[in-house]
Amino acid sequence: LTTISITEDLRYFVNNDGQLTQVQFNEIEPFLQRTIVPEEDIYISLHADKLVPIEEVVKIMNIARRNEYKMILATSPEK
């Protein structure tokens, strides 16, 4: 499972096979294409701070759609 995290200040991190890498937005798609091992179903878990604008989340979801990755939007548990 690959994880993409977006921080409140719009920094992007990709965790692929336990290796955390900070990337610029425009580097995310080529980074995923280079590092994800092709398999039948590829899942990406997206973690976004609650203050991240929805447009930023949608941009990541569009990358997943273009590459036929399945996207899981992770949320924080309710308190």
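Coordinate-derived values only; no laboratory data. Please read these numbers as outputs of a predicted model, since none were measured by experiment. Cβ coordinates were reconstructed from backbone atoms using ideal geometry, including for glycine residues, and neighbour counts include every protein chain displayed.
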Q. Hey, what do the phi angles of segment 54-68 turn into as Karplus ³J(HN,Hα) couplings, whole Hz, using 6.51/-1.76/1.60 and θ = phi - 60°, x for Gly and Pro?
A. 4, 4, 5, 5, 4, 4, 5, 4, 5, 4, 4, 4, 4, 9, 6
Q. For the Cα atoms of the chain, what angle does the longest principal axis make with the long axis of helix 25-35, in degrees from 0 to 90, nearest 10?
A. 40
Q. Between residue 43 and residues 5 or more places away or on another chain, which pairs have amide H atoms under 5 Å apart, with H built 1.01 Å from N, and which residues are they?
A. 2, 70
Q) Hey, could you pull the Cα Rg and Dmax for the chain, both in Å? A) 12.0, 38
Q | Under 13 Å, Cβ to Cβ, from residue 12 - net charge with Lys/Arg +1 and Asp/Glu -1 | A | -4
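Which value in deg cm²/dmol, rounded to the nearest 500, describes the helix-derived mean residue ellipticity at 222 nm for the chain, given -39,500 (n - 2.57) per DSSP H run of n ≥ 4 and division by the residue count?
Details: 2 runs with 24 residues, N = 79.
Helix-only estimate at 222 nm: -9500 deg cm²/dmol.
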